[in-house]
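The values are calculated or read from the model by the stated rules, or taken from the named source; none is laboratory data. None of these values were measured; they are calculated from a predicted model. No Cβ is skipped: glycine too gets one built from the backbone with ideal geometry, and neighbour counts run over all protein chains shown.
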Amino acid sequence: MNAPAIRVEGFVKRYGRRVAADGLTLTVQPGEIYGLVGADGAGKSSLMKAVAGVLAYEGGRVEVFGLPVDSERAAERVKQRIGFLPQGLGLNLYPDLSIEENVDFFGRLRGVSAAQLAERKTLLLAMTRLDAFRARPMRQLSGGMKQKLGLVCTLIHEPDLVILDEPTTGVDPVSRRDFWAILGRLLEEKGITALVSTAYLDEADRFHRVSLFHEGKVMGEGTPAALVATVPGTLALFRAEPQAEALPRLKARFPQTEAMGAWFRVFAEGLDADAARGAVAACLDIAPAATTTGTAAPTIDLRDWFAREPELEDVFVALLRRRGTQLDSRVEGVTRRAVAPGELAIEARELTRVFGEFRAADAVSFAVPQGEIFGLLGANGAGKTTVIKMLTGILKPSSGAGRVAGADMRTAGLAIKERIGYMSQAFSLYHDLSVVENIRLYAGIYGLDDRQAQRRTDWVIGMAGLAGFEHDGAGRLPMGLRQRLALGCALVHEPRVLFLDEPTSGVDPIGRRMFWDILFHLSRREGVAILVTTHYMSEAEHCDHLALMYAGRVVADASPEAMKAAIAEESGRLLELRVDRPGPAQVALKAAGYGSAALHGRAVHLLSRDVDGDLARLPGVLAAAGVQVQAAGLRPLSMEDVFVQRITALEEAARRAP
């Protein structure tokens, strides 16, 4: 057996008094894609930097290809065999250099000959579909293009080991799939080993083995399938009305309950499908109890039941719960508002913004009722942030009109700002100020008096789970706490409308679940209208309504269920094929005419108009390509499938246009 590509024993890293990694041990074999999964601050980045030879550590042993990496001199012996892509969009690139100039720079830096550089550059830029943009400066690239260029520069010297720290955080689903397809093909063809961390638990299925990190320790290790098997149970999807009454009942019995739009997603730990349905029904079928007003609590209707095996995220959250991690936030205390039927919180009418010859937003129209969670989706650069900035009064539209919280966005001035909360993608907090200082600063900006400011400060600290962190600097908080603090600051003046621009990018699964619990409460219980942009397609499922943007235009406007139904009607139902070699399987399926074939972990997904015929035909098609089908069947369409199908079709149409 070959020597391990990476061996880590008892790794310890401290930052002052904080222990970031506490005795980490793992082994990565040559040719593996090894995943590190964990919350922000769990120790993933510290370990990856130590393996790359760019971070000193206090204890333990780190070996790469049998050589210890414990000093700058030792790191020099292995650095030519390593490629390192740090966390953050384009952080290893030079913004003023073009795509080609960045690739040439890294090639020469790594000692690649001119002939090899030209050959590899042509191949990698073609694979990443960046070859048509060679002269474009890096600063003008979308997030997805930046990450693909970062991958090209990391691979240009054909390293034996690539270290990728959350490479797809902040990247849209189409670019994410592109990224993994490219990486998978290169790893298979070149035999490269990869150490990868991710905040997207659905990506973990792409890894051969995974380590689950928590507070600097490994709490689980193995193949994704083996880890899922450690916490048996059933994942149930269903509707229950009235939803606001059903949620607390379900959470009391099943802590891992999420409201996702009109649906519930419940992990029934330790129960098979039949037992899970019975337990959910019993949980909801409670005799109406008298409320404090003397009226009876409403009965709850359970319908549209689907059950399947849990996903790795469910297991990860369950393991954290066993270690005492809490999933609930305290969100009481917002002013309860009566919402008139049909009352609109946001109206956008033909909103357009032009920068020179570039139309960042092109006649964008949609409406958001009070109390609704509305999702604005689109690839990087689609125009989502531009629309939010126009609606919030930050950016003046070139044409069009809009109303927010009853005020005309063009003339209202401060009236809009007093009625809305805004959590921006890039800046929401002052990192040098403490938690309390940030809250009080925002309270002062919104004109709250001392009594109001103290009441709202107490509410934000409770809602965000910040007790004990009141005097810590905001910049030193873990990502999940920092984002909930930013949300609290946006809510400090009790706005009617809340704008959130990619609020959970880079936040771990626990943080994202708590964040969305808060949003659900605000919308359902307090009548707050919420407009959110996100790259997490699982989060799009939480929205009541969605608008999908492409090249500055709204190309679809419907509920998540309606969008899925439209794709099924137009393009077919979703088939999942579990195979032994996903990369070659995707290539073979595309060659056989299944253009929708896409990698999804260790499986391939495709849309089928003839389900029975394809289930009979495809094993033979793949066998001819040397691929064995291990399991095949139908799966429900997800919003990621919808997004990828729509955007890919629009991109293809744009490429064919004269």
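Here are some notes:
- Residues satisfying the stated conditions in region 38-55, i.e. of a type outside the set (D, E) and either more than 21 Å from G83 (Cβ to Cβ) or touching a Gly at 6+ places or on another chain (Cβ under 8 Å) (or both): G38, A39, G41, A42, G43, K44
- Members of region 530-560 found to be under 25 Å from F238 (Cβ atoms) and modelled with pLDDT of 90 or more, listed by number: I530, V532, C543, D544, H545, L546, A558, S559, P560
- Highlighted here are the strands (runs of 3 or more DSSP E) found entirely within region 191-239 that include at least 3 residues which are surrounded by 23 or more Cβ atoms within 10 Å (Cβ to Cβ), out of contact with any Lys or Arg (no Cβ under 8 Å at 6 or more places or on another chain) and of a type in the set (A, V, I, L, M, F, W, C): 193-198.
- Only one of the listed residues (G620, G626, G613) is at positive phi and surrounded by fewer than 18 Cβ atoms within 10 Å (Cβ to Cβ). That residue is G626.
- Which listed residue, of D22, D70, D40, is within 30 Å of V171 (Cα to Cα), surrounded by 15 or more Cβ atoms within 10 Å (Cβ to Cβ) and among the acidic types (D, E): D40
- Residue among G583, G620, G593, G633 that alone is part of a loop (DSSP other than H, G, I, E, B) and either aromatic (F, W, Y) or not assigned by TED's automatic domain parsing to the domain that holds G35 (or both): G593
- Selection count where residues are within 21 Å of the chain's Cα centre (by Cα) and over 22 Å from G527 (Cα atoms), scope region 462-482: 6
- Positions within region 74-105 being in a helix (DSSP H, G or I) and under 23 Å from T193 (Cβ atoms), in sequence order: A74, A75, E76, R77, V78, K79, Q80, R81, V103
- Every condition in (1) at pLDDT below 90; (2) charged (D, E, K, R); (3) over 26 Å from A259 (Cα atoms) is met by D641 except one, and the failing one is (3).
- Within region 442-452, tally of residues that are without any contact (Cβ under 8 Å) to a residue 40 or more places away in the chain and either surrounded by 20 or more Cβ atoms within 10 Å (Cβ to Cβ) or over 21 Å from I518 (Cβ atoms) (or both): 5
- Hits in region 538-565 (condition: touching a strand residue (DSSP E or B) at 6+ places or on another chain (Cβ under 7 Å), closer than 14 Å to Q645 by Cα and surrounded by fewer than 17 Cβ atoms within 10 Å (Cβ to Cβ)): V555
- Scan of region 450-471 for residues that are closer than 19 Å to D432 by Cβ and polar (S, T, N, Q), ordered by number: T457
- Entry remark, region 148-165: residues being surrounded by 23 or more Cβ atoms within 10 Å (Cβ to Cβ), within 14 Å of T198 (Cβ to Cβ) and touching a Lys or Arg at 6+ places or on another chain (Cβ under 9 Å) number 1 in total.
- Qualifying residue in region 583-591 (condition: touching a Lys or Arg at 6+ places or on another chain (Cβ under 7 Å), in contact (Cβ under 8 Å) with a residue 60 or more places away in the chain, buried (at least 16 other Cβ atoms within 10 Å of the Cβ) and within 29 Å of W516 (Cα to Cα)): no
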